[in-house]
Structures are given as C-alpha cells and as structure tokens.
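Notes follow the structure.
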Amino acid sequence: PQEAAMRALLEPIEPASSSSSSSFRGFTDAWLELHPEPEPGSTDKAVRFNALTFPSCNPVKRIDYILFHAAAGGGVKATACIVVGQVPAGGEKDEDLRDGLGMADLDSPIWASDHRGVVADLSRVV
C-alpha cells in the first residue's frame, strides 16, 4: 500500500505470548493478492478508472483497502477485488478524467463519496 500506516499492518509481528515460537504474518491486502500496486498519480486511464480510489472525482492514489487476517486452523484468500463507484450519478464513464472537476464545484456530477469503493470476495481455505 502507498500509505505508511497501512504498510505497517502488513508487516510480520511477534505473537503476544513468548511461549509460542511461531510469528503472525499480520493482515493481507485483498487488492494486492490479485493486482499490482497502482502507480500514484498515474496518467493511464485504465489505472485511474480501475485501481485508484481517491478522490472519487479525479483519482490520484489508492487509499481504500480491504484487509483480512487468516483465522487459526484455516486461511482466507481473496478471489476477487474491484473498485466501484467510478461513474457519478447522471455521469459518464470518462467523467472523472476531465480537468477542473471536483466535488466542491457547482457543476460537478453527484458522487456517492469522496472515495471510490473497494469490493472483495473472500473465501475460506480449509
């Protein structure tokens, strides 16, 4: 992830009890299980439309995550992860890519949020 605080959640951590020799991996980023990290500020329309999440009206970075942690005795894996909310109400697919657009502009289309959503399908691995 691009944000330092989020990267810290993905680092290996030591267990609270010193009686166990195993270490816990930490959280897993569902997006990175299936996709590469998008380049912040990318000018590639496909990357901006399908991978970057903030701001919704003109995305320049990915700051929205779905994190999961494998449960004891089994695991969890991401089987799908997508960005949603790219098209504003009454807007068109490329609406977010025009210059001068912003949620505070009076002529801006209506966005559900200032962030785009992230949806993941998770499956338990037994």
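Can you pull the accessible area of I82 for me, 1.4 Å probe, Å² to the nearest 10?
Number for this one is 90 Å².
Non-local amide H neighbours of V118 (under 5 Å, H modeled in plane, Pro and chain starts lacking H): which ones?
V84
If ligands, DNA and RNA are left out, what is the accessible area of K77 with a 1.4 Å probe, given in Å² to the nearest 10?
100 Å²
The values are calculated or read from the model by the stated rules, or taken from the named source; none is laboratory data. Remember, predicted model here, so these are calculated numbers, not experimental data. The protein model used for the area step is the full one, side chains on, heavy atoms only, and it has no ligands, DNA or RNA in it. Shrake-Rupley method; radii C 1.70, N 1.55, O 1.52, S 1.80 Å.
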